[in-house]
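Below: the structure, in structure tokens.
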Amino acid sequence: MITTITIFIPLAGAILMLLMKNADERTTRYTALGVAAVPLLLSLYIYLAHGSDLGAASLTQSFDWVSSLGIGYRVGLDGLGFGMFFLSALLTLIAVVASWDVHTNLRQYYAILFIAELGMLGVFAAQDLILFYVFFEVTLIPMYLLVGIWGDENRRPAAIKFFIYTFFGSTVMLAGFLALGILSGPNFSIEALNAGGGLSRAAQIAIAVPILVGLLIKVPAVPFHSWLLDVYVSSPISTNVVLSGILPKLGTYGLIKIAIPLLPQGVEPFLPYLAAFGVLNIIYGAFVAFMQTDLKALVAYSSIGTLGFILLGIASGNALGINGAVMQQVTHGLYSALLFILVGIIASRAGTRRIADLGGLAARMPWAGGLLALGAFAAMGVPGLAVFVSEFMSIMGGYTAFPVQGILAALGILLGAMYLLYMLQRVIFGPTKQPALAEAADAGPMEMAAIVPLALLLVVLGIFPSLLINVQRPAVEVVLAAIGGS
Amino acid sequence: MTNSVFGQLLIAAIPGLPALVFLLLALFGRYVKEGAQFVAIFGVATSLVFSVFALGFVTGFPASLFPTGGVPIDFAVNWINLGEGGSFQMGVYIDGLAAVMLVVVCFVSLMVQLYSGAFMEGDSRFAWYFAILNLFTASMLGLVVAPNFIELYIFWELVGLCSYLLIGHWFEKPSAARAAQKAFIVTRVGDAALFIGIIMFWSATGTTSYEGISEAAQAGFVGGSLFTAAVVLVFIGAIGKSAQFPLHVWLPDAMEGPTPVSALIHAATMVAAGVYLVARTYDIFVQSPSAMLVVAYIGGFTALMAATMALTKKDIKRVIAYSTVSQLGYMMMALGIGAYSAGIFHLYNHAFFKALLFLGAGSIIYAMNSYNMFDMGGLRRRMPLTFWTMVIAGVSLAGIFPLSGFWSKDAIVVSAFAEHYYVLFGMALLTVFLTAFYIFRAIFVAFMGEPRTEAAREAVESPGIMTGPMVLLAILAVVSGLVGTPLADYFAEVVAPSEFATGTLAIEPHEFNVTMAVVSVAVALAGIGLAYALYVPKPERAAALARRFSPIYKFLDNGWYFDKLYDRIFVRPAMFFGRVVRQFDRRALGGLVMGVGRGASGAGERLRPLQGGGAQNYALFILVSVLVLGVIVGAQYAFLTIALIATVAIAAVAVGSRL
């Protein structure tokens, strides 16, 4: 019950937002903050009360929806999804805090953001294929609207491109889901379908192809990534937080939760390629990021790069790699949200995002500059910060399964250091180039409220990764059993 | 003791206190300002006391104080536990080697922090400087006590990060920011290799603990070329950190950092971490004779190469930096040829006299704000304390009997000869000559003759808080070697290779060889004499020589053109490749999708009057797609799918139409 309540509180929040017709901006913002805090507090409660017991889906609720087809409203939380469930609630709250650049149609903005949150929470709690797809799609349209309405001057083509690409992906995925569910019963319960559900290897492969393609577009895996740059660059900062922090994980989570355990034999022949896709993301993302002139574009490609470690970890099919991948979903969300907000803060002071025109931020804005450095260090996998833990687990697991891909991924850490340090050198070090920056104020209290929790979590999880790993580990063992049992 | 919680806390406090100081200063530094140094000094002084205590315990000396001592301190807690999937621990392992390192690190850190209080006075980021200095100290101490590769790697990267932040401390200067970046990236080449080596060990043995890997290798679980490859990869990590050929290029540039930082990080501690890593994992290294040869020859070659690079430098800090590279090469060579205790003994002695050389250089820089030794001259009279402490350090570095540098250097040279590595022996002896020459060239040019600039004429001796640590280090530069003389070699007892390593290498202890000692001291004196002849009576002789052998001079002065070479073969091709990939990304992939986007956008425009708004188009798009899909999958299910998607779409349309 608590799961369902947490998922649908944002819907109530969205309706509340639309009803508050006469509220001024201040009231609207504080109400939105209040609404966004509720799912976060509830998931914090779930963590504290049930965190050690999330092997199989717990806190479940299910009732038949279309019983003749085995479709049901089935939700529950397990260790695979909980980290992202929590992060969805957290990043939505942070997006509300960081929405200082949105001034028009504020109530509608929050309403749509909350609908997106509903979808995100739902995806990570869904225990039914059709329900998963519905929530998956529920995130898409709000994202399209957020970018298309509140983005910068290039928002329209960017939003359309984003929509077409990912909608194509999810439609292909749905085809796979329908085939899987119908051939197995019909039955769409993820729990019941675990470990192949008696499908032949050929059938599994045939079904796995559309599901993998759909999910990889969502991630995005290179070369399906070209929708990403424009939409990331055009969207408002607070949308970036969710767009980069959560949405890619819909794809990777689908791989871990559905593709691998439900179609173990079908996915198995593709695993080396999945690992190779991961490596491609890491290396390609790093090289393209290296050459970016726009700070936001650089962060976007950096995000593509570090998503590659998730793919590698998933492909490894062993405890270390999959645990690393599940954790990297969260750590990637933390650092990329941090960097995107900082880019917004910096651009608002300097009046530009051109890397060549920035410089000297560490002296002018020590907090913003310093935390940008912290985010960059996290992204390049410096130990003491959480991304390191998930990356080394993914790479070690990946190497054990696919040595060549593992070594290439390890070299990717070197490439990451190159472009991120090059960025830091030009952005936060050296003399100040922009006249506007000479008098710039450092990050204010509201801005600090958005970035400090992310930085803090990166440090805490970097030092005590077990806080997260112990929650996900039992559920990863279930996935491993499904693979092993095939 | 290692079983009691109190004892474990005490040991954990050795790196824990500086870490706490870092946290306090990073958060509240702006309020305490100049008071930061006192917090820092209190922290590291306490760590030093605890380290001495740990050294006493593991050596069991004095026995009255440590009745249960004489055994290594060893405990660990789980960090990540995946059950059968593998687990990683955070632990502490302190034997004689680690305990000596702890004391050295804490002591030099304390000296440097005392000195920094004056040197960095008035710096705009004074508290931040001390914060990072303490994060560095904590990480370095963590690295020393680590019993497994993952823990090592964590602290290994953290010391690199601190080095980056401290080299770039004056980041308003573009050259400092560039040097910091170069240091981080070049060492990260080594780190990546180290990481791959660790992964290979883990995947072959299922453990990352040094002991576990060594035992698995002995049992034959991992062997052959895979094992050698992994060992060499780990060694490449050590090459990067200890600035050995071919990854030495970052250390001279790192001199852009504040000089006390150079003394602590780039002379005494972090750069020695590579040597320490090889020593710490010696039981693994000795199992691969070819890897040991690589270690020996990389070390020997680096020692000679860096010594030649130091010959012509005008920047006094760069002379000392190349000297550090060269001396680290000695230590590596010693480990490679099996002279384990001698190599670590040199690390220990070198920490004191090299830190002193840097602090002395810093004292001059503090007095006259120049790094160029040819701006100096005649400082002997103006700064007597700095002069005499630097001479002591120089004599110690040159290896003149009976100063500390003599004992360890001599032990290495003798071992090379006795183990029949005659090429290495020749290189080592030549390096002795060059070392004596370049360090006394620097001392003579800076302190003898007449002042060459106004600043040199007006230089005054540095304050007591700076010269005090220098005097303490000078005393150590004289006497630290006395614990390892042939008469009573306590050092080799405390820092001894394992029986397994000794057995595998089949090395006998070497007798002190008087002839060899006389030869090496004579060679060093010859180097000092040549420096005197060229730079003191008639300084124009040196300039004439430089003109006469101009190509060689330029070759040496440009550090054998390594920077240019690396620029040509790595940096530029990488940039070129980056540009190509970016063009591909924009033109090929981006163009393709842009076409789709434009087409759809056009379709959208045409549909607009009909539907009245963007969101509706996509709702329609969804419905049509699902309809098509439904027909494909089976008509009987279509209604259901449509119903599901329509709910979502209608909700979206409802929201969209309000905007």
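All of the numbers you see were taken from the coordinates with simple rules; none came from a lab. Computed from a predicted structure; not experimentally measured. Here Cβ is always computed from backbone atoms with ideal geometry, including for glycine, and neighbour counts include all displayed protein chains.
Full extension of the chain between B:Tyr31 and B:Thr228 yields a length gain of 65.6 nm, computed as 0.36 nm times the residue separation minus the alpha carbon distance.
Taking a threshold of 22 Å on the Cα-Cα distance, which of the pairs A:Lys296/B:Lys564; A:Lys296/B:Lys173; A:Lys249/A:Lys296; B:Lys173/B:Lys317; B:Lys313/B:Lys564 fall above it? Let's see the in-between values first.
Numbers: A:Lys296/B:Lys564 32 Å; A:Lys296/B:Lys173 26 Å; A:Lys249/A:Lys296 20 Å; B:Lys173/B:Lys317 18 Å; B:Lys313/B:Lys564 17 Å.
From A:Lys296/B:Lys564; A:Lys296/B:Lys173; A:Lys249/A:Lys296; B:Lys173/B:Lys317; B:Lys313/B:Lys564, over 22 Å: A:Lys296/B:Lys564; A:Lys296/B:Lys173.
Against the main long axis of the alpha-carbon atoms of chain B, helix B:5-32 sits at an angle near 80°. For region B:166-233, the relative contact order works out to 25 percent when only alpha carbon pairs closer than 8 Å and six or more residues apart are counted.
Here's the picture: a label point sits 7 Å out from the Cα of A:Ala49 along the beta-carbon direction, and within region A:1-25 the residues with their amide nitrogen under 16 Å of it are A:1-9.
Mind sorting A:Thr4, B:Thr324 by how few other Cβ atoms lie within 10 Å of their own Cβ, fewest first? Don't jump to the answer; show the numbers that get you there.
On the way: A:Thr4 17, B:Thr324 28.
By the 10 Å Cβ count, ascending, the order reads A:Thr4, B:Thr324.
The distance between label points at B:Trp388 and B:Ser4 comes to 4.5 nm (points 7 Å beyond Cα on the Cα→Cβ vector).
Would you mind classifying chain B by shape? Square roots of the alpha carbon gyration tensor eigenvalues, ordered a ≥ b ≥ c; an a/c under 1.5 is rounded, otherwise it is prolate if a/b is larger than b/c and oblate if not. Can you show the working numbers first?
Values: a/c = 2.00, a/b = 1.64, b/c = 1.22.
Taking the square roots of the gyration eigenvalues as a ≥ b ≥ c, chain B is prolate.
Each residue of the protein assembly as shown gets 165 Å³ once the volume of the Cα convex hull is shared out per residue. Can you tell me the 0 to 90 degree angle between the C-alpha axis of helix B:635-657 and the longest principal axis of chain B, rounded to 10? Once rounded, one gets 70 degrees.
Taking a quarter of the surface of the Cα convex hull of region A:272-486, what do you get in nm²? Don't skip to the answer; put the middle values down first.
Details: hull surface 44.6 nm².
Over every viewing direction, the Cα hull of region A:272-486 projects on average to 11.1 nm².
Computed extension gain for B:Thr515 through B:Ala488, at 0.36 nm per residue and net of the alpha carbon distance, reaches 7.8 nm.
With respect to chain A, whose longest principal axis is taken over its alpha-carbon atoms, helix A:271-290 is tilted by about 10°. Ignoring lysines fewer than eight residues from B:Lys409 along the same chain, the ones with Cα atoms less than 18 angstrom from its Cα are B:Lys354. Model label points for B:Ala506 and B:Leu545, set 7 angstrom from Cα along the Cα-to-Cβ axis, are 4.5 nm apart.
Roughly how many whole Å is it from the C-alpha centroid of region A:128-146 to that of region B:327-406? What the calculation gives is 67 Å, centre to centre.
Only four residue types carry charge here, +1 at the Cβ of Lys and Arg and -1 at the Cβ of Asp and Glu. Report the dipole size of the protein assembly as shown about the Cα centre in Debye, rounded to the nearest 20. Each step should come with its number before you reach the end.
Values: 57 positive and 55 negative charges, 662 e Å.
Magnitude of the dipole: close to 3180 debye.
Return the whole-Å distance between the Cα centroid of region A:441-486 and the Cα centroid of region A:44-105. Taking the Cα centre of each part, region A:441-486 and region A:44-105 sit 15 Å apart.
Averaging the sequence gap over all C-alpha pairs within less than 8 Å and six or more residues apart, then dividing by the number of residues, gives region A:272-486 a relative contact order of 29 percent. Helices in chain B, meaning DSSP H runs of at least 4 residues, each add -39500 (n - 2.57). Divided by all residues, the mean residue ellipticity at 222 nm is -24000 deg cm²/dmol.
All C-alpha pair distances within region A:1-148, sorted into 5 Å bins from zero, spread as 2, 10, 19, 22, 18, 13, 9, 5, 2, 0 percent across the bins. Each principal axis of the Cα atoms in chain A has its own extent, and those three values, largest first, are 68, 57, 42 angstrom.
Can you tell me how region A:401-449 classifies by the Cα gyration tensor, rounded, prolate or oblate, using a/c under 1.5 as the rounded cut? The partial results should precede the final answer.
Numbers: a/c = 7.37, a/b = 2.29, b/c = 3.22.
In terms of gyration-tensor shape, oblate.
Projecting the Cα atoms of B:Phe437, B:Ala492, A:Ile190 onto the charge dipole of the protein assembly as shown, computed from C-beta unit charges around the Cα centre, puts B:Phe437 farthest toward the positive end.
A Förster distance of 35 Å, applied to the separation of the beta-carbon atoms of A:Met446 and A:Tyr422, puts the FRET efficiency at 0.70.
Given a Förster distance of 51 angstrom, what is the FRET efficiency for A:Ile5 paired with B:Phe584, based on the Cβ-Cβ distance and rounded to 0.05? Computed FRET efficiency for A:Ile5 and B:Phe584: 0.60. Stretched out straight at 0.36 nm per residue, the stretch from B:Thr453 to B:Ala63 would grow longer than its current Cα-Cα span by 134.6 nm.
Taken along its three principal axes, the alpha carbon spread of region B:1-133 comes to 49, 44, 22 Å, from the longest extent down to the shortest.
With the contact rule set at Cα under 8 Å and sequence spacing of 6 or more, what percent relative contact order holds for chain B? Here the relative contact order equals 11 percent. Between B:Arg381 and A:Asp294, the distance separating the two model label sites (each 7 Å from Cα on the Cα→Cβ line) works out to 6.7 nm.
Just check region A:369-486 against the gyration tensor rule for me: Cα atoms, a ≥ b ≥ c as the square roots of the eigenvalues, rounded for a/c under 1.5, and otherwise prolate or oblate depending on whether a/b exceeds b/c. Oblate, because a/c is 1.5 or more while a/b does not exceed b/c. Each Lys or Arg adds one and each Asp or Glu subtracts one; over the other residues with Cβ under 14 Å from the Cβ of A:Val172, this totals 0.
Sort B:Val144, B:Val58 so the one with the fewest other Cβ atoms within 10 Å of its own Cβ comes first.
On the way: B:Val144 28, B:Val58 24.
Exposure proxy ranking, most exposed first: B:Val58, B:Val144.
Note on region B:46-118: percent of Cα-Cα distances in each 10 Å bin, starting at 0 and stopping at the bin with the largest distance, equals 19, 34, 26, 18, 4, 0. Hydrodynamic analysis of region B:130-176 uses the Kirkwood radius over alpha carbon pairs. Inserted into Stokes-Einstein at 37 °C and 0.692 mPa s, it gives a translational diffusion coefficient of 295 µm²/s.
Quick one: of the DSSP bridges fully inside the protein assembly as shown, what percent are antiparallel, nearest 5?
Values: 20 of 20 bridges.
Of all bridge pairs located within the protein assembly as shown, approximately 100 percent are antiparallel.
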